[in-house]
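Novice: Sharing a structure here in structure tokens format.
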Amino acid sequence: MTTENNNGHTYVQAKAANESIKAQKARRQLKALDGQYIEREKVIRLVHQLASDSRRQWLSWAERVSPELSKKLGVDALLLQRLIQNGVEQQLDEFGDFEFTLRQDSMID
């Protein structure tokens, strides 16, 4: 017994499509329980937060270390801080060219 709707789809085809969707959902749930499935937006947000925190730490590093280093080296603290700061900023600018993306083809099926 096959009945067709207006689009030419049979009940059997609709039921098979429904079962396929259920199976896909079950696989995703199993992977989530296994820790294999990630929330894309959450990962992107966490990586951005980590990068921002790291940048802030590096930018404040020169100010923290220059007084002690200047004493050990016998040089002007402010001059040393500016030199270190310039080097850190240059390095961070080079790292800033890095683009983080999560491509769909790199995700687990």
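Novice: What order do Leu102, Leu79 take when sorted by accessible area (1.4 Å probe), most exposed first?
Specialist: Leu79, Leu102
Novice: Rank these residues by their accessible area, most exposed first, probe 1.4 Å: Glu94, Glu89.
Specialist: Glu94, Glu89
Novice: Identify all lysines with a Cα-Cα distance to Lys15 below 28 Å; exclude those on the same chain that are fewer than 8 residues away in sequence.
Specialist: Qualifying lysines at Cα under 28 Å: Lys25, Lys31.
Novice: With every protein chain left in place and a probe of 1.4 Å, what is the accessible surface of Phe100, to the nearest 10 Å²?
Specialist: Rounded to the nearest 10, that gives 80 Å².
Novice: Mind grabbing the accessible area of Ser54 for me, 1.4 Å probe, Å², rounded to tens?
Specialist: In the full protein context, Ser54 sits at about 50 Å².
The values are calculated or read from the model by the stated rules, or taken from the named source; none is laboratory data. Only a predicted model underlies this, so the values are computations on that prediction, with no experimental measurement involved. Ligands, DNA and RNA are stripped out before the accessible areas are found, and what is left, the full protein with its side chains, is counted by its heavy atoms. Shrake-Rupley method; radii C 1.70, N 1.55, O 1.52, S 1.80 Å.
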